[in-house]
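Visitor: This structure is in structure tokens; I'll ask about it shortly.
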Amino acid sequence: MKNNKDMPVEEQSGPLMADVARLAGVAISTVSRALANPGRVNEKTRAKIDAAAKQLGYTPNAMARGLRVGKSNTIMIILPGSLYYGVSQVIPHVLQSINKALLQNGYNLMIANLGRDPESERHILNLAFGGTIRGAIILSSKLPEIDGRSLANAGLPIVSMLLDMSDAGVPSVVTNDREAMRDAVAELIRMGHRRFFYIAGPQGNYHDIERYGGTLEALRDAGISKQTLSRSGGDLDFQKGFEIGVQAALDFVRLKDRPTAVIATSDDMAISFVSRIRQTGLRIPDDLSVVSFDGAPVCEFCFPPLSTIEQPFEEMGQAAVARLLDTIGQAETERDLRITIRSRLILRESVAPPNN
């Protein structure tokens, strides 16, 4: 009997899609939809199909889908979570840059998810193993892994952006978080600041580790004790930057020996911190200097205009796409696993020499 031309073709080894359909009590076309696009199948049916696939040990075979893989012009981007990043707009900036670069090279962008729950992880891997996509860019998060499968084993070109995974063999496009923060703190030290307040991102997060590390290096290089650095935050994700900044203002006013300079690991944190701290009567920068990280355009229009470390999102997006397409085309021009694009410090009226 001839294969239905609308059905995926599979090799005759291991459990087949037909076996999953039979065990789940559904049509093969329903299994195909559930694996390629779970949103088109109701939750009850999808759960039955997932259970049957797990029981049989079924994994969609990308190679068995033949030409669909070779001809795909879709690149998937895997997000760390919600699109919402406050005023910093990290995710939208990155998406715009990557989409522009892909379109210029004849590829389309697919946003795989707006969450990283188990169902979303499973959907990402179904797409990757199912031959729907040609390659993947993963943004500021680890590779999806669930049900014994990992994106690393899908046989697809992968590039990490804003998270260094080069040690694991994944080409990575990053900025110089540590060096940029070290230089910014060194500038504050040059102005005469000797007591500092650090507003942290989530503990253990790659960006916070790098930025805090850069802060400590600047103090060490200047011969300033780590004890002069107070720290707030560490419990909430970067998406909660406004909340982190508000809490940091409360923590700051409780300090007996108050710092003269604040280092925030995102613009959101700095903006909400300044808003709340000014309500206490403290003046920026007369009583307290503030510098942040990300480079949101709105920083220029804050009161006072906020000094910030601007991340090169457009250049990073272009570099990530170029590296991915090099891998797809098996080009030998750029084989470094880590590509670093420098951020730059923009000094504005939120920083000044200390008064005390």
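Each reported figure results from applying straightforward, stated rules to the coordinates on display, with no laboratory input. Everything numeric in this text was worked out from a predicted model, so none of it was measured. With ideal geometry, Cβ positions are generated from the backbone for all residues, glycine too; neighbour counts draw on all protein chains shown.
Visitor: Along the Cα-to-C-beta direction of residue 356, a point sits 7 Å from the Cα; which residues of the stretch 248-289 have their amide N less than 16 Å from that point?
Guide: Answer for this model: 252-262, 278, 280-289.
Visitor: Starting from the Cα gyration tensor of the stretch 298-352, take the square roots of the eigenvalues, sort them a ≥ b ≥ c, and report rounded, prolate or oblate (rounded when a/c is under 1.5, otherwise prolate if a/b is larger than b/c, else oblate).
Guide: The shape class here is prolate.
Visitor: Still on this structure, I have one more. Among 17, 161, what is the fewest-to-most ranking by other Cβ atoms within 10 Å?
Guide: Least crowded to most crowded, the residues run 17, 161.
Visitor: Mark the label point 7 Å from the Cα of residue 286 along Cα→Cβ and return the residues of the stretch 342-356 whose backbone N is within less than 17 Å of it.
Guide: 349-356, by backbone N distance to the label point.
Visitor: With the contact rule set at Cα under 8 Å and sequence spacing of 6 or more, what percent relative contact order holds for the chain?
Guide: 17 percent
Visitor: Given axes a ≥ b ≥ c from the Cα gyration tensor, I'd like to know whether the stretch 172-249 is rounded (a/c under 1.5), prolate (a/b larger than b/c) or oblate.
Guide: Cα axes put the stretch 172-249 in the oblate bin.
Visitor: From the P(r) of the chain, can you give the percent of Cα pairs sitting at distances over 36 Å?
Guide: That tail contains 34 percent of the Cα-Cα pairs.
Visitor: With the crude spin-label approximation of a point 7 Å out along Cα→Cβ, what separation in nm comes out for residue 226 versus residue 42?
Guide: Once both label points are built, they end up 5.9 nm from each other.
Visitor: With both partners inside the chain, how many of the DSSP beta bridges are antiparallel, as a percent to the nearest 5?
Guide: Around 15 percent antiparallel, to the nearest 5.
Visitor: Cut-off is 10 Å between beta-carbons; in what order do 303, 252 appear when sorted fewest neighbours first?
Guide: Listing 303, 252 from fewest to most nearby Cβ atoms yields 303, 252.
Visitor: Quick one: 189, 244, 284, 111, fewest Cβ neighbours within 10 Å first, how do they rank?
Guide: 111, 189, 284, 244
Visitor: Among 41, 291, 94, which one shows the biggest mean-square fluctuation in a GNM of the chain, springs joining Cα atoms closer than 10 Å?
Guide: 41
Visitor: From the square roots a ≥ b ≥ c of the eigenvalues of the alpha-carbon gyration tensor of the stretch 177-312, which class results: rounded (a/c under 1.5), prolate (a/b over b/c), or oblate?
Guide: Rounded.
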